[in-house]
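Only the coordinates and a few stated rules stand behind these numbers; no lab work does. Owing to the predicted nature of the structure, the values given are computational and were not obtained by experimental measurement. Cβ atoms come from the backbone with ideal geometry, glycine included; neighbour counts cover every protein chain shown.
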Amino acid sequence: LRLVQPNAEQHLKWNPDQARILFQRQLDLTRDGSPADMTIWPETAVPYLLEFSPEVAPIITAASGGNKVAIGIQRVEGDRGWNSLRVLEGEGALTATYDKFHLVPFGEYMPMGDLLQEWFGIGAFAAQVGNGYSAGTGPQVLDLGPELGSVLPLICYEAVFPQIPRGASVRPDWMLQITNDAWFGTLTGPFQHFEQARMRAIEQGLPLIRVANTGVTAVIDARGRVVQALPFGTAGYLDVPSVPGALGVTPYAVWGEGPAIVAILMLFGLSGWRRRPGVA
């Protein structure tokens with residue numbers, strides 16, 4: 001794998017002139033040296049829509065020598081839009097799509113926004129008329145072929161929720177988080193987010209590949225150990241010879257929080273128990 005970290009500052013990310021520069025930076029990082037089996041760009045790394053700019057996909061795969069490129073990109077259908085991960089290969093063929101489904105309230109969508117549109121005709125907050133992202137259908141495992149195996153994508157803060165990996169219909173070979181933590185600058189946010197993502201690897205016994213716009217971009221093994229990482233706040237790429245192996249199915253993957261909830265209830269029960277006084 002090749003993990004691309006463009007280090008696009010948030011206030012420049014959507015500037016039309018800077019967008020072209022940052023897009024070219026990612027192409028150059030993808031093209032450098034020998035092509036990887038798959039190159040991965042972070043969340044919303046592409047400032048264009050494939051639906052309106054079909055020439056973009058062949059440009060991206062040309063930089064990878066026709067090999068797979070997983071990109072963070074927005075997509076649209078009619079008036080709706082999604083925050084997505086899409087896999088391109090060959091001469092720009094689209095082979096897989098995952099839509100983020102656990103959206104950030106007030107950031108990616110407005111709670112009750114679609115109902116306000118349906119009930120009162122107020123469309124200012126409605127995702128169904130393009131004023132916010134729509135949610136995807138849920139956790140999805142993508143088959144990347146025999147060399148790369150199957151992967152569970154997580155977009156941004158979806159990696160904070162342990163229930164999401166447990167909700168997948170099948171157990172993947174590895175997990176992939178793409179994110180844009182430039183919102184948090186150089187404060188504690190990107191590093192807290194990174195540590196939370198490591199917990200998902202430990203809980204599931206699965207390796208996690210993490211690709212972030214400004215960092216932390218890293219390879220985490222199935223025990224939560226950082227195997228490789230890029231320096232924070234720099235533009236560059238990390239070549240990963242192979243994805244670390246998975247462990248067996250963990251107790252958490254099977255039972256989730258169930259045993260902990262039972263233990264807590266038992267402690268509450270014991271704390272409330274009182275011995276009856278003896279009868280004289």
- Message: As I understand it, the value is the acute angle between the Cα axis of helix 258-271 and the longest principal axis of the Cα atoms of the chain; what does it come to in degrees, rounded to 10?
- Response: 30 degrees
- Item | Fraction of alpha-carbon pairs over 28 Å apart in the chain - percent | 40 percent
- Message: Run the simple label-point estimate for Ala135 and Asp79 please: 7 Å along Cα→C-beta, distance reported in nm.
- Response: 2.0 nm
- List the residues of the range 4-25 whose backbone N lies under 19 Å from a point placed 7 Å from the Cα of Asp239 along the Cα-to-Cβ direction. 4-6
- Message: Counting just the Cα atoms, what span does the range 1-86 cover along each of its three principal axes? Round to the nearest Å and put the largest first.
- Response: 40, 26, 19
- Task: Provide the descending list of Cα extents for the range 144-280 along its principal axes, expressed in whole angstroms.
- Result: 81, 39, 22
- Among 52-59, 23-30, 214-221, 154-161, what's the highest-first ranking by average C-beta atoms within 10 angstrom per residue? 214-221, 154-161, 23-30, 52-59
- Query: Between Ile21 and Thr186, what FRET efficiency comes out of the Förster formula 1/(1 + (r/R0)^6) with R0 = 22 Å and r the beta carbon distance, rounded to 0.05?
  - Reply: 0.55
- Message: Taking 41 Å as R0, compute the FRET efficiency from the Cβ-Cβ separation of Ala62 and Ile261 and round it to 0.05.
- Response: 0.20
- Tell me, how many Å apart are the Cα centres for the range 59-82 and for the range 149-173? 20 Å
- Note on the structure: the chain, Gaussian network, Cα under 10 Å: of Leu152, Leu12, Leu208, the residue fluctuating most is Leu12
- Note on the structure: Here the net charge surrounding Leu144, from other residues whose Cβ is less than 11 Å away from its Cβ (Lys, Arg +1; Asp, Glu -1), is -4
- Sorted on mean Cβ neighbours within 10 Å (highest first), peptides 222-228, 134-140, 34-40 come out as 34-40, 134-140, 222-228
- Task: Select from Pro207, Pro146, Pro105 the residue whose mean-square fluctuation is largest in a Gaussian network model of the chain (Cα-Cα springs shorter than 10 Å).
- Result: Pro146
